[in-house]
Amino acid sequence: MIDNTPLFIVLPFVLLAFMLGIFIGRRKSENKSAPSPYTLSSDYFKGLNYLLNEQTDKAIDVFVGMLEVGEETVDTHISLGNLYRQRGEVEQAIKIHQNVIAKPSLSLSKRNDALYELARDFMNAGLLDRAENLFHELIQKQSHVPSALKFLLSIYQQEHDWENSILIAKKLEAATNISCSQQVAHFYCELALINYKSGHSTAALKQVKKALGTDKQSVRASILEGEINQNLGNCKAATRAYRRVEQQDPLMISEVLESLLQCYKELNNTKEIKTYLEHVLNKYAGITSILLYAQQIQQTSNDKSAALFIVNSLRKKPSIRGLNTLIDISLDFTKGTAHDNLLILQEITNKLLENKPVYHCTQCGFNSKTMYWHCPSCKSWSSIKPIQGIEGE
Ligand SMILES: [Zn+2]
């Protein structure tokens, strides 16, 4: 009922209905040569009443019925449909836009406008197949091309149809002159992942190469190339791929460090483990590299030296993860009250880390404990990065 409906929701419809009323009044006065140009029909008031009482179905029937769709009124009809879609009443929007399209006298351009809005209605209603057909029809007619391509790209991504996503992204790039290479590289990575998961590593590596050929800055392609090669036992190739990440995006080094060190270990190249870790430590000093270096000290020296290294690192760069590991190591060589106190501290740091997100979307602020290449919230690609600072990397 109107009492429960915020004014800002009803207002656009009332204004639109008012415009319709004036328009109809004008037309009637023109036809009958009546003195007043603003005569409103009783149907108009009936429709308005339905609208104010939230009986939108009946209101639409009245408005649509009282106003013939023609060149002069088509924009108003389309706008009314759009308002319903924005309000989430997609069925009403579809009804209005379909009513516009059904008029045979409509110009091609206005018909295409209505087709475009109807395709968007279908998309909002989750009728992706029908939306897809209409967007293709518009592209074929050279109407609303960039927008239709953008929506089609969104549909194919929702459907995980990566072949078509690549095809449409390339067309969109040509139509707008705006690069889609970052997205296309992700689509190739998605195809690579499907091949990799089904045991077709060679085909997967070919798709990874295409991803890097499209976007040489693709961190995801490098990580995937590293993983596939590591799994195949090609550790040398894997190290080359993992090390590329530093040049592509230093913020993502923490994602490959452990795998990279594992590869060097399998290659019995302990010298390179130390050299690379020291290089990363000196240049970026992320907590992952600090903890991995401490692990090396533990293995080659002892717990106390590793703890001392972490203490010195924490002085320069405080980190909850660092503190937690320091407590872990220190528990092994402390006794009595000191040991008990450390256990209490460990409980606190564990709780602090338990629900802390590790990754953060730089576009929309979405936080997560899992790494996503495609933000589940804002649908951006490559926008999620490891969180930096005391609670993160
Ligand atoms: Zn996001």
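Rule-based calculations on the coordinates, nothing more; no lab input. The structure displayed is predicted, hence computed values, not measured ones. Please note: Cβ atoms are built from the backbone with ideal geometry, for glycine as well, and neighbour counts cover all protein chains shown.
Observations
- Using 0.36 nm per residue and subtracting the Cα-Cα separation, the extra length available between Ala102 and Ser198 on full extension is 29.8 nm.
- Förster radius 51 Å - calculated FRET efficiency between Phe45 and Glu173, Cβ distance, rounded to 0.05: 0.45
- Rounded to the nearest 20 debye, dipole of the chain from Cβ charges on Lys, Arg, Asp, Glu: 1000 debye
- Order of Tyr284, Tyr44 - criterion: other Cβ atoms within 10 Å of each residue's Cβ, fewest first: Tyr284, Tyr44
- Relative contact order for segment 291-349, counting Cα pairs under 8 Å that sit 6 or more residues apart, in percent: 31 percent
- Here Thr275 and Asp328 are evaluated by their C-beta separation; at R0 = 22 Å the FRET efficiency comes out at 0.25.
- Cα centroids of segment 316-393 and segment 155-210: 33 Å apart.
- Spin-label pair Lys265/Lys317, simplified geometry with 7 Å Cα→Cβ offset, distance in nm: 2.1 nm
- Sorted by Cβ density within 10 Å, fewest first, the residues Trp373, Trp381: Trp373, Trp381
- Per-residue extension of 0.36 nm, minus the Cα-Cα distance of Asp249 and Asn133, leaves a gain of 37.8 nm for this segment.
- Working note: 222 nm ellipticity from helices only, DSSP H runs with n ≥ 4, each -39,500 (n - 2.57), summed and divided by the residues of the chain, gives -22500 deg cm²/dmol to the nearest 500.
- Taking other residues whose beta carbon is less than 15 angstrom from the beta carbon of Asp215, and scoring Lys, Arg as +1 and Asp, Glu as -1, yields +2.
- FRET efficiency, Arg240 to Gln86 (Cβ-Cβ, R0 45 Å, nearest 0.05): 0.30
- Fully extending the segment from Thr362 to Glu258, taken as 0.36 nm per residue of separation minus the present Cα-Cα distance, adds 35.0 nm.
- The mean of 1/r over all distinct Cα pairs in the chain, once inverted, gives the Kirkwood hydrodynamic radius of 26.2 Å.
- Each Cα pair under 8 Å and six or more residues apart adds its sequence gap; the mean of these over the residue count of segment 179-284 is a relative contact order of 19 percent.
- Partner aspartates and glutamates for Lys197 [C-alpha distance under 16 Å; skip if fewer than 8 residues away on the same chain]: Glu225, Glu227
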